[in-house]
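For reference, the structure is listed below as structure tokens.
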Amino acid sequence: MRRSLAFLMRRSFQDSSAVTARVVCASLLAAISTLASCASVPGKTEPVLLRRAQMHMGTLVTITAIAQTQAAAQAAMTAGFQEIRRLEELLSTWIPTSELSRVNQAAGREPVKVGHDTMMLLKRSLEVAGLTAGGFNIAIGPAIDAWGFYGRSRIPEASELVALRPLVELKQVRLDPIAGTVYLARPGMRIDVGGIGKGFAADLAVEVMKSAGALGGVVALSGDMKTFGLVPDETRLVFGIKHPRKEGAVLARVELQDEAISTAGDYERYFDRNGVRYHHILDPRTLQPAHGCQSVTVVAEEGVMADGLDTGIFVMGPQRGMELVEKLAGVEAIIVDQAGNILVSSGLKDRIQLIQ
């Protein structure tokens with residue numbers, strides 16, 4: 001694949017407010033190895049484990065399925081990929097005919113009719129925005145462009161950021177669930193669900209895989225992963241979390257069962273000027289990079305929550321972010337603050353292994 005095409009594919013569904021930090025590939029392979037070893041039990045009918053990878057949503061999507069037969073496992077994987085591809089056609093802002101592209105094209109002019117899934121994802125996006133006091137913001141794209149994180153990096157003038165603030169106000173994103181329409185009230189606004197859409201897609205892919213006969217497995221859209229179902233010996237899957245300051249190193253390992261995991265970090269798209277790191281996770285209040293954390297990993301029952309909350313908590317900062325996590329049912333987190341201190345939520349303390 002040519003470099004230019006690969007770059008567009010990477011960009012096509014990336015987060016406009018926080019590119020999801022990657023859970024290391026070795027962790028997924030280790031989890032799959034665990035599944036494979038569990039699926040072979042002497043004296044019993046062995047479930048079949050299959051794994052397949054394809055490019056969708058600008059990233060490598062890997063689906064692992066456990067089923068009673070090879071045909072059922074193949075059918076489940078096919079159904080999962082078809083669902084992800086269907087959602088990409090609706091949600092990708094790099095596809096001009098997608099529902100979100102049409103919403104953006106009509107900004108400041110008229111409401112646009114969208115389908116159930118697009119409306120549901122936008123409602124969930126605004127829900128996460130509310131939970132994180134606006135830290136998660138699907139309208140932040142114009143400010144991301146001003147910093148040049150997807151091109152030539154630059155530090156915008158203060159006056160430029162002031163002029164952009166009206167375009168990132170979430171109150172100007174107007175949903176009408178009864179009419180089924182979305183309206184961006186100001187010309188120049190645009191929304192991008194890259195920071196929550198992968199988790200949403202993983203959730204829906206899991207459901208269609210179950211309907212197709214999968215007993216369990218993993219749906220992984222780069223660093224956004226959703227586990228589900230039955231592992232034959234009831235062993236939990238173990239996933240690794242990338243160290244934010246040590247290339248190729250694992251910070252911690254965490255056990256998952258019927259849960260999703262997602263990480264946001266300041267180390268994937270950034271530039272340094274005069275000893276200061278400027279990264280792509282912007283605080284919507286200031287349109288400046290948020291500087292309270294190095295990384296935030298969220299474990300949740302839903303992929304859509306894990307994917308959206310990691311960015312919002314990163315912006316909130318370690319103390320306020322962890323306070324939020326402790327209030328939310330079914331949500332846990334590992335936060336690395338700016339000084340490198342590691343905070344672990346109460347529900348994960350017995351399930352996490354920190355790597356020294």
Inset, instruction - Tell me, please, whether a residue that is modelled with pLDDT of 95 or more, surrounded by fewer than 24 Cβ atoms within 10 Å (Cβ to Cβ) and part of a strand (DSSP E or B) can be found in region 298-318. - result: no
Inset, instruction - Hey, could you check region 272-285 for residues that are touching a residue at least 12 places away in the same chain (Cβ under 8 Å) and over 22 Å from the mean Cα position of the chain (by Cα) and say which is surrounded by the fewest Cβ atoms within 10 Å (Cβ to Cβ)? - result: Arg273
Legend entry - Filter result for Arg253 (part of a strand (DSSP E or B), free of Cβ contacts under 8 Å to residues at least 24 places away in the same chain and at negative phi): no
Inset, instruction - Kindly list the number of the only condition in (1) free of Cβ contacts under 8 Å to residues at least 24 places away in the same chain; (2) acidic (Asp, Glu); (3) within 25 Å of Thr97 (Cβ to Cβ) that fails for Glu157. - result: (3)
Legend entry - Residue count for region 189-214, restricted to those that are part of a loop (DSSP other than H, G, I, E, B) and within 30 Å of Lys171 (Cα to Cα): 8
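Select from region 319-342 the residues that are among the aliphatic types (A, V, I, L, M) and under 18 Å from Tyr267 (Cβ atoms) and write down the one among them that is surrounded by the fewest Cβ atoms within 10 Å (Cβ to Cβ). Quick ask: steps written out before the conclusion?
Residues of region 319-342 among the aliphatic types (A, V, I, L, M): 322, 324-325, 328-329, 331, 333-336, 339, 342.
This time we only want the ones that are under 18 Å from Tyr267 (Cβ atoms), so: 333-336, 339, 342.
Details: Ala333: 25, Ile334: 24, Ile335: 26, Val336: 24, Ala339: 7, Ile342: 15.
Among them, the one singled out is Ala339.
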Inset, instruction - Looking only at region 30-65, count how many residues are at pLDDT below 95 and either more than 14 Å from Ala205 (Cβ to Cβ) or outside any strand (DSSP E or B) (or both). - result: 22
Legend entry - Selection count where residues are closer than 19 Å to Ala185 by Cα, modelled with pLDDT of 95 or more and assigned to a helix (DSSP H, G or I), scope region 131-141: 0
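The values are calculated or read from the model by the stated rules, or taken from the named source; none is laboratory data. A quick note: this is a predicted structure, and the numbers were derived from the prediction, not measured. Don't worry about glycine lacking a Cβ; one is built from the backbone with ideal geometry, like all the others, and counts go over all protein chains shown.
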